[in-house]
Amino acid sequence: MGLRVLLLSLLFSYFCVKSSSEDVTVTVKGVVSIAKTDDNFVCATMDWWPPAKCNYNQCPWGNASIINLDLDDPILSKAVKAFNPLRIRLGGSLQDQVLYKVGNSVSKCPSFKNSTDGLFGFTKGCLTMERWDKLSSFFNNTGAIVTFGLNALFGRKKVTDNGLWGGPWDPTNARDLINYTISKGYKIDSFEFGNELSGGGVSARVDATLYGQDMVVLKNLIQTLYQNSTRQPQVLGPGGFFDQKWYIEFLQASGPNVVDGVTHHVYNLGPGVDPNLIYKIQDPNYLDQIAQTYKDIEVTLSSVAPWSSPWVGESGGAYNSGGKNVSHAFVDSFWYLDQFGLSSTFGNKVFCRQSLIGGNYGLLNTTTFVPNPDYYSALLWHRLVGNKVLSTSHNGSPYLRAYSHCSKKKPGVTLLLINLSNSTSFNISIASDLNIYPPEDTKMEEGEYVGLREEYHLTPKDGNLESTTMLLNGFPLELTECGGIPDLNPMLLDASVPLNMAPLSISFVTLKDFKAPACS
């Protein structure tokens, strides 16, 4: 272990010599936490898109749909199990066209087909109970925490040419599905009502007041059907892009203690075809722009719906299936992990990545199921970062992004550091608002420091930001010979020595002896 640490230290020193260097102090305010996430903050989506879903002359979904994904693939199973547990949201654009083949409210079970008359260019589709059994078995075997996105247009009619749907929601088909789910003992953590029907909608929209009233119907339905259960699933919505006026009207119409999680979608990088996508991800000023949306949602809920909390219900960075050669490459982790850090500081409880598999932004390769770099970024966050968010600042370049939380299941704090600069390395000292870390009394009589720092440095293979291979402390993250997720081991370094961070790299840093009263 000692030789490996020495070699890695020399490797990072080499990178620092080849670039300019800046000394930075990152300060963590550990007296009180500024926000709190869910214990299972990391979430990934499974979508309904069929193979015929295409954008920009690309059709990147393959057989990654909820309907046709190979749930028996051992790599897929191991990838989900590694999170122990992973939160999975079932939903997406076609969600409000899905029929459930159970009960008497649905007589036919169609497959999604291309159609100019349907929403998003597709006809209605169907979930059979045989497929639901298979999915539920997969979730049970992998320990997944499931959010199911319900069809919120069932029973409604399109009333205007600009996409407005009217009439009350018919809960019959949803009731039959939930009854079946309960009878089988399938565990559902939460039900989400509709997808991207808020505000101006995407392909369809619903009036805010009507939507809020139907949320009450759903809440009552859940309470009735789960009245004999020890735990009732949460109710989430509206699963759309934040429109403050619409969200306020919807929350006022639904009333207190109906909506448990207010879900909103984030695609702040624009269209996946944008040739500047890779540069947007590396621009700190661009990344900061979404902070205003997070702030507006936080303020809205604190004043209108303090009983609820915000969730990022879907976020793939770039919309229309993401950016080819970018959204599944190393560079995307700059955006992805920065969103983790930024959204959590504004109180978002959960962050759902579009997608677990499928499109250009899958955490797993669509055909091989081999993890892409963002998978490992998410897994490290999930294992290292706790639910208490700490205020963090630094005196350096804006190209250094810094976030900190109380560590997960261990004492101390964990920092996320992102170096967006392509030419500057950072020598980082970590300070507390209580004391400089580490205190002098950590020295032993022999002059050695007791405190150790765990470092997880992430870089792209061969320095190529578009690489789909991520290096952890200089070693490639690859599946084991039996298709398992590799160990994610840190470097252990003397905590008194400044942390060296190479250009265009990401680091998780855990300090178990850091004095943070908020974490005790």
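The values are calculated or read from the model by the stated rules, or taken from the named source; none is laboratory data. If you're wondering where the values come from, they're calculated on a predicted model, not measured in any experiment. Virtual Cβ from ideal backbone geometry, glycine too; neighbours counted across all protein chains shown. What goes into the accessible areas is simple: the full protein's heavy atoms, side chains included, and nothing from ligands, DNA or RNA. Shrake-Rupley method; radii C 1.70, N 1.55, O 1.52, S 1.80 Å.
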Inset, instruction - Read phi for every residue in region 397-414 and hand back ³J(HN,Hα) as whole Hz from Karplus 6.51 cos²θ - 1.76 cosθ + 1.60, θ = phi - 60°, with x for Gly and Pro. - result: 5, x, 6, 9, 9, 9, 9, 9, 9, 4, 5, 8, 6, 7, x, x, 10, 10
Legend entry - Between helix 291-304 and the chain: long-axis angle, C-alpha atoms, 0 to 90°, nearest 10: 60
Inset, instruction - Please list 501-511, 475-485, 312-322, 424-434 highest first by mean number of surrounding beta-carbon atoms within 10 Å per residue. - result: 312-322, 501-511, 424-434, 475-485
Legend entry - Rg in Å to one decimal, and Dmax rounded to a whole Å, for region 171-226 via C-alpha atoms: 13.0, 38
Inset, instruction - Return one number: the angle in degrees, 0 to 90 and rounded to the nearest 10, between the long axis of the Cα atoms of helix 172-183 and the longest principal axis of the Cα atoms of the chain. - result: 60
Inset, instruction - Over the chain, average the accessible area per residue using a 1.4 Å probe and give it in Å², no decimals. - result: 39
Legend entry - Rounded, prolate or oblate (a/c below 1.5 giving rounded, otherwise prolate when a/b exceeds b/c) for region 139-185 by Cα gyration tensor: oblate
Legend entry - Degrees separating the helix 208-225 axis from the principal Cα axis of the chain, which is the longest one: 90
Inset, instruction - Heavy atoms only, probe 1.4 angstrom, no DNA, RNA or ligands counted: give me Thr116, Thr181 ranked by accessible area, highest first. - result: Thr116, Thr181
Inset, instruction - Give me the percent of the accessible area of the chain that comes from carbon and sulfur atoms, probe 1.4 Å, all protein chains in place. - result: 50
Legend entry - Phi-based couplings in Hz for region 281-290 (Karplus 6.51, -1.76, 1.60; Gly and Pro marked x): 4, 9, 9, x, 5, 5, 4, 6, 4, 5
Inset, instruction - Sort Ser105, Ser254 from largest to smallest accessible area, using a 1.4 Å probe on the heavy atoms of the protein chains. - result: Ser105, Ser254
Inset, instruction - Could you run the Karplus curve 6.51 cos²θ - 1.76 cosθ + 1.60 with θ = phi - 60° over region 475-490 and give me ³J(HN,Hα) per residue in whole Hz, x for Gly and Pro? - result: 10, x, 8, 9, 4, 6, 4, 9, x, x, 6, x, 5, 10, 9, x
Legend entry - Per-peptide average of other Cβ atoms within 10 Å, ordering 83-96, 32-45 highest first: 83-96, 32-45
Inset, instruction - Taking a cut-off of 30 Å between Cα atoms, list the lysines near Lys515, but don't count ones fewer than 8 places away on the same chain. - result: Lys29, Lys36, Lys295, Lys349, Lys388, Lys408, Lys409, Lys410, Lys443
Legend entry - Counted charge near Glu192, where neighbours are those whose Cβ lies closer than 14 Å (Asp, Glu -1; Lys, Arg +1): -3
Inset, instruction - For every other residue with a beta carbon closer than 11 angstrom to the beta carbon of Thr367, add +1 if it is Lys or Arg and -1 if Asp or Glu, then tell me the sum. - result: -2
Legend entry - Amide H within-cut-off set for Leu434, under 5 Å, with H built and near neighbours excluded: Gly30
Inset, instruction - List the residues whose amide H sits under 5 Å from the amide H of Val350, counting only those 5 or more places along or on another chain, with H placed 1.01 Å from N in the peptide plane. - result: Asp38, Val312
Inset, instruction - Calculate the radius of gyration of the Cα atoms of region 334-414 to one decimal place, then report Dmax, the largest Cα-Cα distance, as a whole number, both in Å. - result: 14.2, 44
Inset, instruction - Give me the net charge of Gly396's neighbourhood, meaning all other residues with Cβ under 9 Å from the Cβ of Gly396; Lys, Arg count +1, Asp, Glu -1. - result: -2
Legend entry - Equivalent-ellipsoid semi-axes of the chain, from the Cα gyration tensor, Å, largest first: 41, 24, 21
Legend entry - Relative intensity, log₁₀ I(q)/I(0), of region 108-155 from a Debye sum that treats every alpha carbon as a point, q = 0.13, 0.23, 0.24, 0.31 Å⁻¹: -0.44, -0.95, -0.98, -1.13
